Amino acid sequence: MTSISITDDLQQQLIAYRRELHEYPELSMQEFETTKRITNWLQQHGITILTYPLSVGVIAEVRGEQQGPTIAIRADIDALPIEEQTDVPFRSKNAGVMHACGHDFHTASILGTAILLQQQRHLLKGTVRFIFQPSEETAQGAEYVANAGVLEGVEAIFGMHNKPDLPVGTIGIKAGPLMASVDRFELDIIGTGGHAGIPESTIDPIVISSQIVTAFQSIISRNISSFDNSVLSVTKLQAGNTWNVIPEKAELEGTVRTFQATSRATIPQRMKALAEGIATSYGATADFRWFPYLPTVLNDARFTDVLQEAAHISGYQAVEAEMVPAGEDFAFYQERIPGYFVWVGVDGPFGWHHPQYRLNEDAIAVAATYFANLAVSVLKQWQ
């Protein structure tokens with residue numbers, strides 16, 4: 001099979017795109033200049049821009065010279081509210097905003113994929129729709145894009161995230177769950193306040209909350225299968241404002257991460273039952289609130305072979321991807337159409353969301369060519 005490769009000139013151009021994006025990062029749903037840049041760069045290469053009711057984000061298409069289905073490739077474009085602490089010459093010029101999760105890398109890479117496919121349209125047996133999506137970091141962008149009708153007529157969607165702990169030239173591929181569902185909870189324990197020296201006249205919400213925090217951990221060890229993967233973290237316990245008064249109320253907050261739907265359904269039920277049961281036993285009341293946030297990134301196994309084949313065709317190494325209990329709003333696309341999300345190694349010294357986050361820019365050419373070859377392979381096998 002013919003493999004699409006990248007020229008040195010295009011590779012340098014994509015690096016320049018990435019550096020410009022890195023220098024001028026924008027927060028979620030504020031990516032106005034980023035949108036203009038992406039649009040301009042795509043148009044310079046003769047790539048069709050599609051019109052949808054989106055204030056930020058760009059949708060484009062490369063139509064093959066042969067008839068076939070439409071697939072989508074997604075890149076996220078937003079940055080984080082982090083003050084950059086690197087010494088690169090293209091460090092952020094927007095105070096307090098940084099591409100600390102590599103979305104500039106994603107954008108430049110998929111721009112490269114679009115350009116390569118535009119140059120090789122004769123290889124495409126169908127159409128590739130490119131989604132440059134806003135607001136991944138706040139988990140708003142995927143639904144915003146999907147609700148605008150961008151997925152209409154799309155048979156499958158593919159995406160990636162950079163992985164600093166994987167070497168350049170490595171593609172992490174795994175069927176099934178890859179990134180966790182993300183949910184948030186709040187819990188108020190309402191007791192009776194009073195003098196700290198006369199606790200028998202109070203119903204102490206701090207003592208009750210401590211019992212509940214401990215009990216919550218038994219959900220993972222005793223209510224969830226040992227073959228499932230779940231995390232329950234209480235990240236806030238706030239009560240009282242002075243040393244000699246037992247407060248009336250304690251406030252708890254935290255997050256739950258799961259990879260299986262059954263666990264995601266079971267955990268909040270058990271949390272509510274335990275909180276209310278323990279609070280009642282002490283004579284207090286519990287107000288438990290659950291906030292669903294992100295579903296699981298769940299990769300469709302039907303595409304695993306072609307994803308691995310695309311890595312081989314491109315000259316890269318396919319490895320088994322490790323699951324990560326972080327969330328990704330790519331999962332919202334996968335609830336609507338089949339999809340697959342992979343890791344792309346960038347050999348970075350720091351992890352995501354770190355103020356010194358950096359990556360090896362050689363990975364841009366890797367991702368650009370990988371997704372170009374993947375698109376050709378998927379559309380060819382779809383026939």
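The values are calculated or read from the model by the stated rules, or taken from the named source; none is laboratory data. Keep in mind that what you see is a predicted model, and the values were worked out from it rather than measured. When we count neighbours, we look across all protein chains shown, and the Cβ atoms used for this are built from the backbone with ideal geometry, even at glycine. Areas reflect the complete protein model, heavy atoms only, side chains present, ligands, DNA and RNA absent. Shrake-Rupley method; radii C 1.70, N 1.55, O 1.52, S 1.80 Å.
Within 10 Å of each candidate Cβ there may be at most 16 other Cβ atoms; applying that plus a DSSP loop requirement, which GluC sites (Glu not before Pro) in segment 31-98 survive?
Answer by residue number: Glu65, Glu83.
Tell me the trypsin sites (Lys or Arg not before Pro) within segment 58-118 that lie in a loop according to DSSP and have at most 15 other beta-carbon atoms within 10 Å. All intermediate terms of the calculation are to be shown ahead of the outcome.
On the way: sites: Arg63, Arg74, Arg91, Lys93; in loops: Arg91, Lys93.
Sparse-neighbourhood loop trypsin sites (Lys or Arg not before Pro): Arg91, Lys93.
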Residues whose built amide H sits under 5 Å from the amide H of Glu26, excluding neighbours closer than 5 in sequence, are Ala79
Taking only the alpha-carbon atoms of the chain, the convex hull volume per residue, in cubic angstrom, is 147
For Trp352, placing the label point 7 angstrom along Cα-to-beta-carbon and taking segment 71-86, residues whose amide nitrogen sits under 12 Å are 76
Of all DSSP beta bridges having both residues in the chain, the percent classed as antiparallel (nearest 5) is 65
Stretched fully, the stretch from Leu50 through Ala196 gains (0.36 nm per residue minus C-alpha distance, one decimal, in nm) 46.0 nm
Long-range amide H partners of Gly169, meaning residues 5 or more apart or on another chain whose placed amide H is closer than 5 Å, are Gly345
Those chymotrypsin sites (Phe, Trp or Tyr not before Pro) from segment 205-254 that are DSSP loop and have at most 14 other Cβ neighbours within 10 Å turn out to be Phe227, Trp243
By the Cα gyration tensor axes a ≥ b ≥ c (a/c under 1.5 gives rounded; else a/b larger than b/c gives prolate, otherwise oblate), the shape of segment 1-101 is oblate
The set of residues whose placed amide H lies less than 5 Å from the amide H of Val182, leaving out same-chain residues fewer than 5 positions away, is Tyr293, Leu294
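What number comes out for accessible area per residue over the chain if the probe is 1.4 Å? Units Å², please.
The answer is 42 Å² per residue.
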Phi-derived 3J(HN,Hα) across segment 250-259 with the Karplus relation (6.51, -1.76, 1.60, θ = phi - 60°), rounded Hz, x for Gly and Pro, is 10, 10, 10, 8, x, 9, 10, 10, 9, 10
Cα-based Rg/(2.2 N^0.38 Å) for segment 147-238, rounded to two decimals, is 1.84
When the chain is treated as a Gaussian network with springs between alpha carbons less than 10 Å apart, the largest mean-square fluctuation among Ser181, Ser201, Ser55 is found at Ser201
With all protein chains in place and a 1.4 Å probe, Thr113 shows an accessible area in Å² (nearest 10) of 0
For segment 109-172, shape from the Cα gyration tensor axes a ≥ b ≥ c, cut at a/c of 1.5 then a/b versus b/c, turns out oblate
Given unit charges at Cβ for Lys, Arg (+) and Asp, Glu (-), the dipole magnitude of the chain about its Cα centre in debye, nearest 20, is 680
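Between rounded, prolate and oblate, where does segment 91-224 land on the alpha carbon gyration tensor, with a ≥ b ≥ c its root eigenvalues, rounded for a/c under 1.5, else prolate if a/b exceeds b/c?
prolate
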HN-Hα couplings for segment 4-17 via Karplus (6.51, -1.76, 1.60; θ = phi - 60°), in whole Hz with x for Gly/Pro, come out as 7, 10, 10, 7, 4, 5, 5, 4, 5, 5, 5, 4, 5, 4
Expressed in µm² per second, the diffusion coefficient of segment 21-68 from the Stokes-Einstein equation, with Rh the Kirkwood radius over alpha carbon pairs, at 37 °C and 0.692 mPa s, is 272
For the chain, the longest principal axis of the Cα atoms and the Cα long axis of helix 32-44 enclose an angle in degrees, to the nearest 10, of 20
Given Cβ charges of +1 for Lys and Arg and -1 for Asp and Glu, the option among Ile212, Thr280, Pro295 whose Cα lies farthest towards the positive end of the dipole of the chain is Pro295
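Where the only charges are on Cβ atoms (+1 Lys, Arg; -1 Asp, Glu), what is the dipole of segment 1-144 about its Cα centre, to the nearest 20 debye?
600
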Diffing segment 214-224: the Karplus 3J(HN,Hα) column from phi (6.51, -1.76, 1.60, θ = phi - 60°), in whole Hz with x for Gly and Pro, holds 5, 5, 4, 5, 6, 4, 5, 7, 10, 10, 10
Measure of exposure for Tyr282: accessible area at 1.4 Å probe, Å² rounded to 10, is 100
Of the listed pairs Lys125/Lys163; Lys163/Lys272; Lys174/Lys380; Lys93/Lys236, those with alpha carbons more than 28 Å apart are Lys125/Lys163; Lys163/Lys272; Lys93/Lys236
